[in-house]
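J.: This structure is in structure tokens; I'll ask about it shortly.
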Amino acid sequence: MPSIAVVTAVRPARDLAHRLLADRPERLQHTAGVAQRAAELRPAVGDDEEHETLVAAAWLHDIGYADALHDTGFHPLDGARHLDREGWPRRLSALVAHHSGACFVARARGLDEALRAYPREDSPVADALTYADQTVGPGGIRMDVRCRMADMLHRHGPASANAVVHHVRGPYLLAVADRVEHRLTR
């Protein structure tokens, strides 16, 4: 794929997600739901370019689950690496790499050094991506953040890296949700 600007990335991002996740229908439904939720969060991110970045990142956030991209087995990192190889904007790769508190899980999996190759963005866009992901469950079902965390812990199990870091990741996700909801009410 030729290098593209972030602002024109929504359609190619959607197409890539559909192509890579075609054999994972529930994951694709989740991804489409996250993209829809992200589209609704424009007031939380500001201008049109930031909103386009958010929606493109939402379409791309879980492409690392595709079997063809399996490298480390950690979907945020595998997805970001694929985007780099394909010439996507570095900002999108970094947003994918760090979505939903990935840094906490990466540390538990021994992948924090690899994840540091991607700059972690502290911005309304990064927050809104995490919020969109954490308010849409499997199959694209809307849920609040606490229900989503409980569902994730149940699906991954008590010995998972997600469960091991939940004592720090959970409060982080709740703080992100508070920030986004505050921005939406302004």
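Every read-out reported here was derived from the displayed coordinates using simple, explicitly stated rules and does not represent laboratory data. The structure displayed is predicted, hence computed values, not measured ones. Quick reminder, even Gly has a Cβ in these numbers, built from the backbone with ideal geometry, and neighbours come from all protein chains shown.
J.: Just rank Thr31, Thr72, Thr135, Thr8, fewest to most, by other beta-carbon atoms within 10 angstrom. Write down the numbers at each step before the final one.
T.: On the way: Thr31 27, Thr72 17, Thr135 21, Thr8 12.
Fewest-to-most Cβ neighbours within 10 Å comes out as Thr8, Thr72, Thr135, Thr31.
J.: Per DSSP H run of n ≥ 4, the term is -39500 (n - 2.57); total these for the chain, divide by its residue number, and report the mean residue ellipticity at 222 nm rounded to 500 deg cm²/dmol.
T.: Values: 12 runs with 121 residues, N = 186.
Calculated from helices alone, the mean residue ellipticity at 222 nm is -19000 deg cm²/dmol.
J.: How high is the FRET efficiency between Asp47 and Ala117 when r is their beta carbon distance and R₀ equals 25 Å, given to the nearest 0.05? All intermediate terms of the calculation are to be shown ahead of the outcome.
T.: Details: r = 28 Å, r/R0 = 1.13.
Given R0 = 25 Å and the Cβ-Cβ separation, E is 0.35.
J.: About the Cα centre of the chain, what is the dipole size in debye to 20, counting +1 per Lys and Arg Cβ and -1 per Asp and Glu Cβ, all else neutral?
T.: Values: 23 positive and 25 negative charges, 58 e Å.
Charge dipole, the chain, about its Cα centre: 280 debye, nearest 20.
J.: Now for a separate question. What ³J(HN,Hα) values, in whole Hz, does the Karplus curve 6.51 cos²θ - 1.76 cosθ + 1.60 give for the range 146-163 when θ = phi - 60°, with x put for Gly and Pro?
T.: For the range 146-163, the Karplus curve yields 5, 5, 5, 5, 4, 4, 4, 5, 5, 5, 7, x, x, 9, 6, 4, 4, 5 Hz.
J.: Given labels modelled 7 Å from the Cα in the Cβ direction, how far is it in nm from Arg90 to Asp67?
T.: Here the modelled spin labels are 3.5 nm apart.
J.: May I ask you to sort Arg169, Arg19 by Cβ crowding, counting other Cβ atoms within 10 Å and putting the fewest first?
T.: Values: Arg169 23, Arg19 11.
Ranked by crowding around the Cβ, least crowded first: Arg19, Arg169.
J.: Sort Val176, Val96 so the one with the fewest other Cβ atoms within 10 Å of its own Cβ comes first.
T.: On the way: Val176 21, Val96 32.
Starting with the residue having the fewest Cβ neighbours, the order is Val176, Val96.
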